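The values are calculated or read from the model by the stated rules, or taken from the named source; none is laboratory data. Because the structure is a prediction, the values reported are computed rather than measured. Here Cβ is always computed from backbone atoms with ideal geometry, including for glycine, and neighbour counts include all displayed protein chains.
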Amino acid sequence: MFLVLPFLPASNLFLTVGFVVAERVLYMPSVGWILLVVYGIQVTWTAVPRRRSLITVGMVLLLVLGCCRTFLRNRDWTSRETLLKAGLRSLPHNAKMHYNFANFLRDTSQPNRAILHYQLALCRYMIQAS
């Protein structure tokens, strides 16, 4: 219960919060969760010395996977276009992603494609509550 309470404000159970608010609200509970995991690793490290190499390999593996994921995700941030296209790949049914991509297309003088994405945004917005 202690770990669930801090996440309630961002859960959209009681009132709908926007993405930016939900993201900011999740920072502090995430820090608590990370501290709990690190404490568990420390307890295991001292309680079971035979497993230290396994714990070390697991932590190095997590670090390498995190670095690879970060490296691959950095490509999405090359330009506004690549960021918006990555967003559309991961959230193809999100009205806000289509709207933002349509704004980008309008700004880059591609009105026909912009109209298509504006229409998709309107179509998705009728279905989506966000």
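When the residues of segment 1-55 are narrowed to those that are aliphatic (A, V, I, L, M), within 29 Å of MET97 (Cβ to Cβ) and not in a helix (DSSP H, G or I), which ends up modelled with the lowest pLDDT?
Once the filter is applied, the top-ranked residue is VAL17.
With a cut-off of at least 3 residues that are modelled with pLDDT under 90, name the helices (runs of 4 or more DSSP H) lying wholly within segment 68-130. Spell out the reasoning first.
Details: elements: 80-90, 95-107, 111-127.
Helices (runs of 4 or more DSSP H) meeting the threshold: 111-127.
Looking at PHE101, PHE71, can you tell me which residue is among the aromatic types (Phe, Trp, Tyr) and under 18 Å from the mean Cα position of the chain (by Cα)?
On the way: PHE101 fails: under 18 Å from the mean Cα position of the chain (by Cα).
So the residue among PHE101, PHE71 that is among the aromatic types (Phe, Trp, Tyr) and under 18 Å from the mean Cα position of the chain (by Cα) is PHE71.
Starting from segment 70-84, take each residue that is without any contact (Cβ under 8 Å) to a residue 12 or more places away in the chain and β-branched (Val, Ile, Thr) and list its partners that are surrounded by 10 or more Cβ atoms within 10 Å (Cβ to Cβ) and in a helix (DSSP H, G or I), counting only C-beta distances under 6 angstrom and pairs at least six apart or across chains.
These pairs meet every condition: THR82/ASP76.
Conditions first: (1) under 30 Å from ARG124 (Cα atoms); (2) among the polar types (S, T, N, Q); (3) surrounded by 12 or more Cβ atoms within 10 Å (Cβ to Cβ). ASN74 passes all but one, so which condition is the exception?
So ASN74 meets the others, but not (3).
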